[in-house]
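One structure below.
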Amino acid sequence: MMDCKKCGQECYRESVDVGVGVIHGPWGCPCCGWSDDPEYDCSEGESPATKRTGFHCGPTGMLDPTQPIEAFEVLKAAIQRDESYAWSWHCNIAMPYQDEGASHEQGNRAAARAMSTIFGVDVTTFKEWKPFPWAIAIANAQPQGRQSE
Ligand SMILES: [Zn+2]
């Protein structure tokens, strides 16, 4: 038996008899979500296992396949924490605009708006954006207000 290191509640764990012995999962607290395996500790919010798998995962390491976390939230978080991943999404949005006849600037500006609206990421602050000749010209111009839509 183990008591929770955070709240003192009695913990439990999953066990399975595999014939030659018993395999145990991590100890988990049903009260506060603490786990003796950091991968499954949900006492401070979603566990790394939940973020990695996209399914709610309890402190004893058991996935709950009936409770997927929102796929969009997983994607949005990944895009927000990794600029190079965000930039790859930006480029994949910009290219179809250009394929349909928009200029390089129009395609990139449209993609930047999409990235901001959909994912809350401002790619115009990225190092990849700044070398675009038209972006340099805009940055050097007088500050402008938001264009009417
Ligand atoms: Zn606890």
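Looking at region 2-27 only, could you name the residues that are among the hydrophobic types (A, V, I, L, M, F, W, C) and surrounded by 14 or more Cβ atoms within 10 Å (Cβ to Cβ)? Steps first, please.
Narrowing region 2-27 to residues among the hydrophobic types (A, V, I, L, M, F, W, C): 2, 4, 7, 11, 16, 18, 20, 22-23, 27.
Those that are among the hydrophobic types (A, V, I, L, M, F, W, C) and surrounded by 14 or more Cβ atoms within 10 Å (Cβ to Cβ): 4, 11, 27.
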Q.
If I filter region 28-38 for residues that are free of Cβ contacts under 8 Å to residues at least 24 places away in the same chain and surrounded by fewer than 18 Cβ atoms within 10 Å (Cβ to Cβ), do I get at least one hit?
A. yes
Q: Residue by residue through region 12-25, note down the ones that are out of contact with any strand residue (DSSP E or B) (no Cβ under 6 Å at 6 or more places or on another chain) and assigned to a loop (DSSP other than H, G, I, E, B).
A: 14, 18, 19, 20, 21, 25
(Q) Can you say whether residue 69 is farther than 30 Å from residue 138 by Cα, away from the ligand (no atom under 16 Å from the Cβ), surrounded by fewer than 13 Cβ atoms within 10 Å (Cβ to Cβ) and of a type in the set (A, V, I, L, M), as far as the supplied structure shows? (A) no
Q | Those residues of region 41-61 which are away from the ligand (no atom under 13 Å from the Cβ), of a type outside the set (Val, Ile, Thr) and crowded, with 20+ Cβ neighbours inside 10 Å, in sequence order | A | 47, 49, 57
Q) residue 99 fails exactly one of the following numbered conditions: (1) of a type in the set (D, E, K, R); (2) loosely packed, with under 11 Cβ neighbours inside 10 Å; (3) touching a strand residue (DSSP E or B) at 6+ places or on another chain (Cβ under 6 Å). What is the number of that condition? A) (3)
**Q.** Selection count, region 1-40, where residues are within 16 Å of the ligand (Cβ to nearest atom) and hydrophobic (A, V, I, L, M, F, W, C)
**A.** 10
Q: Can you confirm whether region 104-118 contains a residue that is surrounded by fewer than 16 Cβ atoms within 10 Å (Cβ to Cβ), basic (Lys, Arg) and over 19 Å from residue 79 (Cβ atoms)?
A: no
Q: Mind telling me which of the residues 82, 17, 37, 41 ends up being modelled with pLDDT of 90 or more and under 28 Å from residue 118 (Cβ atoms)?
A: 82
Q: Would you please list the contacts, defined by Cβ atoms under 8 Å and residues six or more apart or on different chains, that run from a residue in region 68-92 that is over 11 Å from residue 121 (Cα atoms) to a residue that is basic (Lys, Arg)?
A: 74/51
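The values are calculated or read from the model by the stated rules, or taken from the named source; none is laboratory data. Keep in mind that what you see is a predicted model, and the values were worked out from it rather than measured. Heads up, the Cβs are rebuilt from the backbone with ideal geometry, glycines too, and the neighbour counts pull from every protein chain shown.
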